[in-house]
Amino acid sequence: MGAPNAAFVALHRASVDGGFTANITLSGEMRNDGATIAQIADESVPRLEQVGSVRVLKKTEIGTPDIPGLTDSPGIVQNLVLSTTLRGEPIELCQSQVYLGMEDVRNPAQRAVIEIVLTAKQNQLAEVIEDYKKFLRTIRPGDDETSA
């Protein structure tokens with residue numbers, strides 16, 4: 001699928017446009033460094049710059065009283081535009097990246113960082129954004145019985 005390290009990829013086949021299918025990827029990693037969620041979100045920019053130019057449009061903290069999060073953990077929503085090529089042709093892709101940190105209850109120095117990303121062309125966004133929001137609302141940490 002061209003999504004290295006992704007644990008889950010969902011394709012929105014009805015949205016295919018010019019050979020590009022809008023998609024959601026879910027990935028994650030265990031971190032034991034002191035990086036903030038905002039710093040971890042920043043790490044995606046140089047990673048994406050390996051395939052094209054990147055413009056960060058907006059970065060919003062979630063999990064605050066003003067903007068409730070998906071879980072009890074704080075997170076970041078970062079929206080950006082990636083200008084790259086697909087099959088040798090220029091393409092501009094929009095990404096909505098959500099980063100969530102979940103502390104390991106057995107080892108507070110370690111945490112899981114989950115990255116949930118919607119990638120779509122601008123003209124596909126209206127068709128897929130509600131599905132993305134529904135998907136985000138399903139993300140929850142497991143309890144001890146289901147995660148063991």
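The values are calculated or read from the model by the stated rules, or taken from the named source; none is laboratory data. Note that the structure is a prediction, hence the values are computed from the model and not measured. Positions of Cβ are generated from backbone atoms using ideal geometry, with glycine treated the same way; all protein chains shown enter the neighbour counts. Just the protein is used for accessible areas: all its heavy atoms, side chains included, with ligands, DNA and RNA removed. Shrake-Rupley method; radii C 1.70, N 1.55, O 1.52, S 1.80 Å.
If you count, for each residue, the other Cβ atoms within 10 Å and average over each peptide, how do 89-96, 12-19 line up from highest to lowest?
Values: 89-96: 15.8, 12-19: 12.8.
For the peptides 89-96, 12-19, the packing ranking is 89-96, 12-19.
Quick query: amide H of GLY28 versus all other amide H atoms, modeled in the peptide plane; which residues come in under 5 Å with a sequence gap of 5 or more or a different chain?
The list, which skips near neighbours in sequence, is ALA7, GLU115.
ILE91: net charge of surrounding residues, Cβ under 13 Å, Lys/Arg +1, Asp/Glu -1, itself excluded?
Working: positive: ARG87, LYS121; negative: ASP17, GLU89, GLU92.
Summing Lys/Arg as +1 and Asp/Glu as -1 gives -1.
Can you give the FRET efficiency to the nearest 0.05 for GLU130 and VAL81, using r as the Cβ-Cβ distance and R₀ = 30 Å? Provide the component values of the computation, followed by the final result.
Working: r = 20 Å, r/R0 = 0.68.
Once rounded, the FRET efficiency stands at 0.90.
In the neighborhood of LEU82, defined by Cβ-to-Cβ distances under 10 Å, what is the net charge if each Lys or Arg adds +1 and each Asp or Glu adds -1?
Details: positive: ARG55; negative: GLU49, GLU92.
Surrounding charge for LEU82 is -1.
Taking 0.36 nm per residue of sequence separation and subtracting the Cα-Cα distance, how much length would be gained by fully extending the chain between ASN123 and PHE20, in nm to one decimal?
Values: separation 103, 0.36 × 103 = 37.08 nm, distance 1.13 nm.
Here the answer is 35.9 nm.
Applying the Karplus parametrisation 6.51 cos²θ - 1.76 cosθ + 1.60 with θ = phi - 60° to the phi angles of region 32-43, what ³J(HN,Hα) value in whole Hz is obtained for each residue in order, glycine and proline being reported as x?
10, 8, x, 5, 6, 4, 4, 5, 5, 4, 4, 4
So how much accessible area does ARG55 have, in Å² to the nearest 10, using a 1.4 Å probe?
Surface open to solvent at ARG55 totals about 120 Å².
Could you tell me the accessible area of THR138 in Å² (1.4 Å probe, neighbours in place), rounded to the nearest ten?
90
Keeping all protein chains in the complex and leaving out DNA, RNA and ligands, what accessible area do you get for VAL77 with a 1.4 Å probe, in Å² to the nearest 10?
Looks like 30 Å² after rounding.
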